[in-house]
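A short write-up of the structure that comes next.
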């Protein structure tokens, strides 16, 4: 029985890691597209590639990338809350 | 013909998903509990509708007979009855993480009442009662309510369905993004390459025709000239 719970946790972590990376790739892609479009709209001096790389660097340090950790936090919290409400409430 | 097969398949998938959700999602019945008991239950090919082994109430037995807790209840009309089983769901599906069947059974017994002085409760459960397969919905929780006419709003289901809609929307967006940023540029590059190959082939053909044409002209020059 304990073994079952450990197995569930491991399976959840593997699945959430896959989701984390896929959503991370998606999020980066959306940000890059936004930067490209912003530059192409005009009004920005300098090199296009440099501008985009600077924007991506800012993204890597920004809040939005950290919000991706919610992919781990939310489901595990939901599991804990469900277990609490079903068993102890 | 092919169209019918395609639509039949789609409808089948849709019905399967709907049935799966209807089985798995929590529902609440307003009932009066009339009896609680244990019954040694043989489990055969309907095992899919009982807890898997390796859970709290399933681990004790690995054979096909299991002692299962049951809750008998009657709906406010006084005639329609429902029998719930009360089993731990364990670590896997459905993800209710229920391991308090013993406590739940005690609570249900505590709410037991008779017809003259009924206590109304909302039994949260999932699953179906299908007598033909001997399957029972699994009770997850029991709460006392004011009366049989209380209106229960399924907040949990609303939240879960909203979240599922959000996930489907995000998957759709991600696929669209993937196609726009990865697949389409790759296809464009491939088309450009093919066009280049095509152009080269045309050029080579033109060249070849030139050589061949010159060669034929040279052969032609060997032909005898029409006599004057």
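Structure values in brief
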item: Highest-MSF residue in chain B out of B:90, B:141, B:210 [GNM, Cα springs under 10 Å]; result: B:210
item: Per-residue mean of C-beta atoms belonging to partner chains within 10 Å, peptide B:172-182; result: 3
item: Between helix A:70-87 and chain A: long-axis angle, C-alpha atoms, 0 to 90°, nearest 10; result: 20
item: Cα gyration tensor category, rounded, prolate or oblate, for region B:13-166 with a/c compared to 1.5; result: oblate
item: Listed residues B:46, B:35, B:191, most fluctuating in chain B (Gaussian network, C-alpha, under 10 Å); result: B:191
item: For chain A, built as a Gaussian network whose Cα springs stay under 10 Å, the top-fluctuating residue of A:73, A:19, A:44; result: A:44
item: Whole-number percent relative contact order across chain A, with pairs defined as alpha carbons under 8 Å at least 6 apart; result: 37
item: Likely footprinting exposure, A:72, B:96, fewest C-beta neighbours within 10 Å first; result: A:72, B:96
item: Within 10 Å of each Cβ in A:15-27, the average number of Cβ atoms from other chains; result: 2
item: Rule-of-thumb Rg ratio for the protein assembly as shown [Cα; 2.2 N^0.38 Å; N residues]; result: 1.71
item: Chain B: angle of helix B:155-178 to the longest principal axis, Cα-based, in degrees nearest 10; result: 10
item: Per principal axis, descending, Cα span of chain A in whole Å; result: 62, 25, 17
item: Footprinting exposure proxy for B:224, A:29 (fewest neighbouring C-beta atoms within 10 Å first); result: B:224, A:29
item: Over chain B, relative contact order from alpha-carbon pairs under 8 Å, at least 6 apart, %; result: 19
item: Prolate/oblate/rounded call for region B:142-183, Cα gyration tensor, a/c under 1.5 rounded; result: prolate
item: Residue mean of other protein chain beta carbons inside 10 Å, B:95-104; result: 4
item: Overall form of region B:75-228 per C-alpha gyration tensor (a/c, 1.5; a/b vs b/c); result: prolate
item: Ascending count of other beta-carbon atoms within 10 Å, so fewest first, for A:5, B:155; result: B:155, A:5
item: Euclidean distance between Cα centres, region B:71-115 to region B:175-228, Å; result: 77
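All of the numbers you see were taken from the coordinates with simple rules; none came from a lab. A quick note: this is a predicted structure, and the numbers were derived from the prediction, not measured. As a convention, Cβ positions derive from the backbone with ideal geometry for all residues, glycine included, and neighbour counts pool all protein chains shown.
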